[in-house]
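Contents: one structure, followed by commentary.
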Amino acid sequence: MFRTVRWLKFLSIASVLAFAGGAVQAQQKKIAITSISEVAQVLDLKRGLLEELARLGYTEGKNLQVEYANALGNFQVQQQIAKKLASETYDVIVPITTPTAIAVVKAEEESKTPVIFSMVTDPLGAKLVKSLDKPGGLVSGVSDIPPIERQVDLIRQLVPSLKRLGFIYNPSLASSQTFLAILTKLAAAGNFTIVEAASPNTADVLTATRSLVGKVDAIYVPNDTTVTAALESVIKVGIDERLPVFTGESRGVERGAIASISFDYYDVGASTAPMVKAVFEGKSPGDIDVLVMKDVYKNFQTVLNLKSAAAMGVAIPDQIRSSAKRVIE
């Protein structure tokens with residue numbers, strides 16, 4: 001499996017067989033999970049997906065065969081993975097992140113394998129589905145667009161003087177374009193402006209960040225796989241220049257951003273599992289509504305990094321600190 005692609009890494013062995021009464025029995029269900037990178041959120045999501053599937057009756061190594069491949073940040077490799085997946089036989093494919101989902105859905109147009117995506121910001125904008133309700137075809141999944149309005153409110157509470165918000169992103173990613181559109185509307189209503197810094201590649205992140213120094217009052221990093229892969233570069237500039245950095249998800253706070261309000265990505269994976277189970281049991285993805293996490297999620301977590309806040313010149317009010325789910329000292 002994927003022997004022709006040199007960069008792939010597998011977290012599960014493809015051909016696991018169960019032995020019972022001396023007879024060899026093939027796995028009952030076969031799933032492929034793929035992502036463009038292995039950032040912490042992806043690993044959390046995958047763990048949540050597989051553990052919830054086990055709770056739902058599908059356990060890896062027993063009645064579930066799992067293959068996993070990531071493209072190590074390379075979209076061309078992701079396209080190769082998607083084509084290889086299309087040539088194999090699976091009960092369902094789970095692409096994680098928007099660029100991965102786009103590659104897989106395009107490759108699966110002829111093979112007709114059911115697809116349940118996850119960690120996709122804007123499935124409509126990415127043209128993965130035609131509707132969020134009963135999307136039709138063989139594609140559905142989970143949208144992880146975060147509560148951006150609440151994130152902006154938090155940023156403005158922590159940086160009251162905010163007039164210009166830096167936005168570092170890969171312009172080629174549909175998900176980041178969605179973030180930008182939402183932020184632009186919020187900025188217009190909130191009397192601040194968005195200053196863009198494009199980073200088409202991970203190697204460009206540091207340069208893009210430095211271009212914002214002296215031009216913005218804070219920086220916001222969306223859930224952009226290109227930028228988050230080099231988030232430490234953004235954090236370093238933030239500390240060196242005492243320029244506050246915020247992220248669209250809480251793992252970025254663990255890595256050095258000041259704050260975020262977001263999901264636990266384990267829960268995103270767990271929320272994907274029932275959709276996969278439904279497909280295993282004969283339901284078409286086209287008859288399954290796309291799940292928009294922010295519309296149903298009850299456990300948004302505010303995470304603060306006090307050390308980074310102090311280093312970037314931000315004082316955390318006691319009220320915000322006491323209401324946070326997690327405070328990193």
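What to note about this one:
- Of residues in segment 29-62 being surrounded by fewer than 21 Cβ atoms within 10 Å (Cβ to Cβ) and at pLDDT below 90, the one farthest from residue 94 (Cα to Cα): 40
- Exactly one residue out of 280, 246, 263 is of a type in the set (Phe, Trp, Tyr) and within 17 Å of residue 45 (Cα to Cα): that is 263.
- The strands (runs of 3 or more DSSP E) found entirely in segment 38-133 that carry 2 or more residues being in contact with an Asp or Glu (Cβ under 7 Å, 6 or more places away or on another chain) are 64-70, 115-120.
- Candidate set: segment 162-175, residues that are free of Cβ contacts under 8 Å to residues at least 60 places away in the same chain and in a loop (DSSP other than H, G, I, E, B); chosen: the one farthest from residue 252 (Cα to Cα): 163
- Only one of the listed residues (226, 272) is in the same structural domain as residue 176 (by TED's automatic domain parsing), in contact with a Leu (Cβ under 8 Å, 6 or more places away or on another chain), farther than 13 Å from residue 312 by Cβ and of a type in the set (Ser, Thr, Tyr). That residue is 226.
- First in segment 63-84 and among the aromatic types (Phe, Trp, Tyr), second anywhere and surrounded by 21 or more Cβ atoms within 10 Å (Cβ to Cβ) and assigned to a helix (DSSP H, G or I), Cβ under 8 Å, 6 or more apart: 68/46; 75/99; 75/103
- Verdict on residue 233 being surrounded by 17 or more Cβ atoms within 10 Å (Cβ to Cβ), out of contact with any His (no Cβ under 9 Å at 6 or more places or on another chain) and farther than 25 Å from residue 326 by Cα: no
- Odd one out for residue 136 among (1) buried (at least 21 other Cβ atoms within 10 Å of the Cβ); (2) in contact with a helix residue (DSSP H, G or I) (Cβ under 8 Å, 6 or more places away or on another chain); (3) not aliphatic (A, V, I, L, M): (1)
The values are calculated or read from the model by the stated rules, or taken from the named source; none is laboratory data. Just so we're clear, the structure is a prediction, and the values are computed from it rather than from any experiment. Cβ: placed from backbone, ideal geometry, glycine included. Neighbour counts: every protein chain shown.
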